[in-house]
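Just below is one structure, and these are the notes that go with it.
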Amino acid sequence: MTHIRDAIHGYLELNDEEKQLIDSPQVQRLRRVRQLGLSSLVYPSATHTRFQHSLGVMHLAGEFADSLELDEKRTRELRIAGLLHDSGHGPFSHASEFVAEKQGLSHEDLSCRKVDELEDKFSVDAERVKKIIRGELEIGQAVAGDIDADRMDYLMRDAHSSGLEHGNIDTATIIRLAEIDSRRLVFDEKAVQALESLFTARFHMIRSLYGHHTSNLAEKMLQRSLEDHTDEVENLMTLDDYEAHTELLKSGGTAEKLYRRIKDRRLFKRALVWNDDDIPREALGSLEKRIENPRAIEQKIADDADVKSHEVIIDRPGTPDIQDIDVKIKKDGKVENLSDSSPIIGSLAEAEWRMVAMKVYSPEEKQEEVKKAAEKILKDYTSVLEGYM
């Protein structure tokens, strides 16, 4: 048995199989992929990696396994799935994931490929490990569900590394009160307060960290740089941050220009913003459909503003994730939605709507031209809002 000291969970125990997996190139690559992409431009200490996170998820998955009283084989499946669940992440985490998903390739798919590559290093069923990573088995919800080892670890780890005070999550209570009922993960009603705290922490992390306008802007610039750099997404997703950094700096064209601005923190500015007051939630779906191809709209704005095409970036709004949260509570022998047991969840959902916005970014020296052109060009696309005002 090997022990690793972790900043969040203390000592982590590894068996020989897990140690072999951790020492593989596929997992060691995650040491060179930052968990939070470009958030260190805002929070300088937020430089932790997917490797640290993966160890934490493996540990919490093991805690779930103990609580659910899984046998040794199922426990090993769950821990290995936790360790490998992010092994398919590309450079800069979510920036490359966004580019890959536009071509129909998810990081879960790529992680499952890593499982295939590594299956000779572990003795459990690789197919079951892949199903757990995809959340397809009842125990898979402990790694890929709405309340899982992944979410709990990243909330705690991201808060700790960024210096924020929103990561105090009662994982012990949540995990201890979890059970499998009718082939799905549910939580005893005594866990409601701990679950409320988790979602409250998540909300504050979105406001302070994940939704911070500067890191979001840098992320959009990086997405554009990666898109302009290559169409070979599968190759891109095998790189780490350092390899992608080197490639982008010598890529030439708009990809290099954008990346050099990011490298030197010469970021674009917000030329135009529509917030929740301007975007009624009833119209959001219609608006998203109208701007399904933001690159075409960006080109129109750039032409009208007489600026280069890469100097206009649209960040279109999206439905808050909490709208799709599906967490079940067991109360008096019956299973109900967490939102039925807690008014706080509804309040958090309402508060997340207030963060919905659509933004247009441009270099500071081009802000006025881009703003005027964006107001003119986007008027037609946002006309769908008028019926909801």
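Just a few scattered comments:
For (1) crowded, with 18+ Cβ neighbours inside 10 Å; (2) in a helix (DSSP H, G or I); (3) of a type in the set (G, A, S), each residue gets a yes or a no:
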site	(1), (2), (3)
S339	no, yes, yes
G346	no, yes, yes
E350	no, yes, no
M355	no, no, no
V360	yes, no, no
K366	yes, yes, no
E369	yes, yes, no
K372	no, yes, no
E375	no, yes, no
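Here is a yes/no grid of residues against (1) among the polar types (S, T, N, Q); (2) under 18 Å from the mean Cα position of the chain (by Cα); (3) part of a helix (DSSP H, G or I); (4) under 26 Å from L55 (Cβ atoms):
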| site | (1), (2), (3), (4) |
| --- | --- |
| D153 | no, yes, yes, yes |
| E165 | no, no, no, yes |
| K190 | no, no, yes, no |
| E227 | no, no, yes, no |
| L239 | no, no, no, yes |
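- Odd one out for L60 among (1) part of a helix (DSSP H, G or I); (2) open to solvent by 10 Å² or more (accessible area, probe 1.4 Å): (2)
- Pairs, first within 12 Å of M152 (Cα to Cα) in the range 164-176, second of a type outside the set (G, A, S) and part of a loop (DSSP other than H, G, I, E, B), C-beta under 8 Å, six or more apart: I174/I147
- In a residue-by-residue description of the range 109-129, the property of being out of contact with any Ser or Thr (no Cβ under 7 Å at 6 or more places or on another chain), among the hydroxyl-bearing types (S, T, Y) and either buried (at least 19 other Cβ atoms within 10 Å of the Cβ) or at pLDDT 95 or above (or both) applies to no position.
- The range 311-336, residues that are in contact (Cβ under 8 Å) with a residue 60 or more places away in the chain, crowded, with 19+ Cβ neighbours inside 10 Å and either under 17 Å from the mean Cα position of the chain (by Cα) or not in a strand (DSSP E or B) (or both): V312, D315, I322, V327
- Qualifying residue in the range 255-277 (condition: among the hydroxyl-bearing types (S, T, Y) and under 26 Å from H89 (Cβ atoms)): yes
- Matching residues in the range 68-101 - criterion: being open to solvent by 40 Å² or more (accessible area, probe 1.4 Å) and part of a helix (DSSP H, G or I): E72, K73, R74, R76, H94, F98, E101
- Cβ-Cβ under 9 Å pairs, at least 6 apart or on other chains, the range 108-135 side closer than 16 Å to D150 by Cα, far side among the aromatic types (F, W, Y): V129/F122
- Of all residues in the range 13-42, those satisfying the criterion of being closer than 15 Å to E219 by Cα and either open to solvent by less than 10 Å² (accessible area, probe 1.4 Å) or under 17 Å from the mean Cα position of the chain (by Cα) (or both) are V33, R34, Q35, L36, G37, L38, S39, S40.
- Taken together, D240, D228 contain a single residue that is among the acidic types (D, E) and either closer than 25 Å to H213 by Cβ or surrounded by fewer than 13 Cβ atoms within 10 Å (Cβ to Cβ) (or both), which is D228.
The values are calculated or read from the model by the stated rules, or taken from the named source; none is laboratory data. What you are looking at is a predicted structure, and each value in this text was computed from that prediction instead of being measured. For neighbour counting, all protein chains shown are included, and Cβ atoms are generated from backbone atoms with ideal geometry for every residue, glycine included. Ligands, DNA and RNA are excluded from the accessible area calculation, which covers all protein heavy atoms including side chains. Shrake-Rupley method; radii C 1.70, N 1.55, O 1.52, S 1.80 Å.
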